[in-house]
Amino acid sequence: MTAAPPAQRVVTPTLRRTARRWSFWVGAVVVAMLIALAGILVTGTAQDGQYLEADNPAPAGAMALVEVLRDQGVDVVVTGSLADTEDAVGDADDATLLLYDPALILDDAKLRQATELAGTVVLVDPSFTQLQTLAPGLAPTGDVEGTLRADCDVPAADRAGTIAAEGTAYRIIDEPDAVGCFAEQDPERYGLVALPGGLTVLGIPDALTNEFITREGNAALALNLLGAEDTLVWYLPTVEDLGDDAPPSLGDITPPWVLPSIGLLVLAAVAAAVWRGRRLGPLVVENLPVVVKSSETMQGRARLYARSS
């Protein structure tokens, strides 16, 4: 007969030994997570900010244009409400107003009031309703993109020559004194329209952004269009212009008993976790094999039999 192999002694690994074995991989995972988090933060920071915001360094911002205008001596005043815009224009002798309201925050009355503040107004990418209020003789007619040639007598556009961007084209329906520039194939669709009275409709806002400002004649167009006066008021309407018409916030519609109830539930959860943790007791690491007295085994089985009847 072959003798049975001797029983091997099994030893439970201690916490220190386990930690030492996995320390390299834990460290590698932590470093990878830190690198990924840093990348996410950098990417998120670069993509944050509002489109055409004057202090936004992201590709969609307009910080590069604003800084160049300031270097050339133009006083660029950034405003976010109609009241601040009125004060900024009123303090300047000659001012150009850039107005960009994609969220349609301003109603018809405030829109007219804003455009009447300055003698030169650049209305950026207006919608159909905004055109009906300020320039009913124009109508949007789809998108325009690519390299566009000025082919017009508007000084800022003529100095730029060509621009490269994409945006909205406008058709001149009933405005005999309007001058269209930057047409795409169809000569009746223009990316920029200059109207009498100092109003200019710019349907190509990408030409002002950090990403496209250096392409073709985009910089020349932006600098000549917005830097003609000593002061440029950069007006992007915000919720401050809504006033009493602003929708209620989450805090306004939340009942007063919600926050105290949430706090009470959190305290109850913490108390339950502490109670259960203290009841179970600390974990004990014990080496194998464990010598158990036969009497303890017998009593333990007896209790199990008794519980199961």
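The values are calculated or read from the model by the stated rules, or taken from the named source; none is laboratory data. For clarity, every value in this text was computed on a predicted model and none was experimentally measured. Cβ placement follows ideal geometry from the backbone for every residue including glycine, while neighbour counts extend to all protein chains displayed. Ligands, DNA and RNA are excluded from the accessible area calculation, which covers all protein heavy atoms including side chains. Shrake-Rupley method; radii C 1.70, N 1.55, O 1.52, S 1.80 Å.
How large is the accessible surface per residue of the range 101-217, computed with a 1.4 Å probe and reported in Å² as a whole number?
45 Å²
Quote the FRET efficiency, to the nearest 0.05, computed for Gln72 versus Leu34 with a Förster distance R0 of 35 Å and r equal to the Cβ-Cβ distance.
Between Gln72 and Leu34 the formula returns 0.25.
Hey, can you grab everything whose amide H is under 5 Å from the amide H of Val144? Only 5+ residues off in sequence or another chain; H modelled, so Pro and N-termini drop out.
HN-HN under 5 Å from Val144: Gly167, Thr168, Ala169.
Suppose the chain between Leu242 and Glu145 were pulled fully straight at 0.36 nm per residue; how much longer would it get relative to their current alpha carbon spacing?
In short, 31.6 nm is gained.
Roughly how many debye, to the nearest 20, is the charge dipole of the range 90-195 about its Cα centre, given +1 on each Lys and Arg Cβ, -1 on each Asp and Glu Cβ, and no other charges?
Working: 6 positive and 20 negative charges, 19 e Å.
Roughly 80 debye, rounded to the nearest 20.
Along the range 220-232, what does the Karplus equation 6.51 cos²θ - 1.76 cosθ + 1.60 (θ = phi - 60°) give for ³J(HN,Hα), rounded to whole Hz, x for Gly and Pro?
5, 4, 5, 5, 6, 6, 9, x, 6, 9, 6, 10, 10
Need the full-extension length gain, Glu211 to Asp153, defined as separation in residues times 0.36 nm minus the C-alpha distance. One decimal, nm.
My answer for the length gained is 18.2 nm.
Given a Förster distance of 51 angstrom, what is the FRET efficiency for Ala271 paired with Ala109, based on the Cβ-Cβ distance and rounded to 0.05?
0.35
Applying a 10 Å radius around every beta-carbon, put 79-87, 155-163 in order of their mean neighbour count, most first.
Most protected by this proxy first, the peptides run 155-163, 79-87.
If you wrap a convex hull around the alpha carbons of the range 103-164, what volume per residue comes out, as a whole number of Å³?
So the per-residue hull volume is 118 Å³.
For labels at Arg303 and Gln185 in the simple 7 Å Cα→Cβ model, what's the distance in nm?
Each label point is offset 7 Å from its Cα along the Cβ direction, giving 8.7 nm.
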